[in-house]
Amino acid sequence: MIILGVDTSGYSVSVALMRDRELLGENTVSSKDLKNAVTLQPLIDSLMASCHMNLNDVELFAVASGPGSFTGIRSGLVTVKAMAYASGSMAIGISSLRALARVAQEKGALVLPMFDARGGRVYASLYRDGKACCSDEPRSIEALVHHVAPMIREEERVIVTGNGLSVFEKEIIDLPFITVRAPAERQIIRASAVAQLAYEDWESGVAETDPFKLDAHYAIAPSAERQKQT
């Protein structure tokens, strides 16, 4: 199966092409200006050309569906939905935190991926063996520690990763458990991780594959939507 993975949910844009579990190619660039929609299509075109394939060869599209940047999530979802519909292929959404946890994962360690949710909060979840131990709703660092600390055994290492590291660096240093800062190259989502997880979910039969049912997981409503509700 040919899988195209896409991530635009944060401060980078990443695309990857896989054949089952084999990585065929991957392009990842920084996009701090969040013009992800402008950056994404040329990256996809370049990747497909370098692998001597076209979009009709793709059987499964995979996209990081949030939480993260509202603008970035939307651009990735819209692009993937359009490509999947045009080619008659499947599409699967993958949690951004789950994908980042896969990137940073090490044997015997827990992973705590965190994204800045602004307002002094983070999107975060604790992962053990690739499975989330808690929900990813936005919390303050204090609330996050209170929530996850009882799940961590005294001798366990926790790998902390994501852009929340730079925003909450002092608070992370003071966390009441053994923390390891992920190296810089493992602090951003790789589209290959998104593609791997989507393939695993498809293989196990647990994923919704209809592109029309693909939706964002914002964790909190976008500001425009919140304003409508007030």
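Any read-out appearing in this document is the output of simple, stated calculations on the displayed coordinates, not a laboratory observation. Everything numeric in this text was worked out from a predicted model, so none of it was measured. As a convention, Cβ positions derive from the backbone with ideal geometry for all residues, glycine included, and neighbour counts pool all protein chains shown.
Laid out as a table, the results:
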| quantity | calculated |
| --- | --- |
| Pairwise FRET efficiency - Thr179 versus Asp57, Cβ, R0 = 45 Å, nearest 0.05 | 0.60 |
| Positive-end residue, the chain charge dipole about Cα centroid, Cβ charges, pick of Gln41, Pro176, Val194 | Pro176 |
| Antiparallel bridge percentage (DSSP; both residues within the chain; nearest 5) | 60 percent |
| Extent along principal axes [Cα atoms of the chain; Å; largest to smallest] | 50, 46, 31 |
| Neighbour net charge for Ser89 - beta-carbon separation under 12 angstrom, K R +1, D E -1 | -2 |
| For the chain: relative contact order, % (alpha-carbon pairs under 8 angstrom, 6 or more apart) | 25 percent |
| Contact order relative to length of the stretch 80-184, as percent, for alpha carbon pairs under 8 angstrom and 6 or more apart | 25 percent |
| For the stretch 97-186: rounded, prolate or oblate by the Cα gyration tensor [a/c cutoff 1.5] | rounded |
| Interchain or long-range residues, amide H under 5 Å from Leu24's placed H | Leu17, Met18, Arg19 |
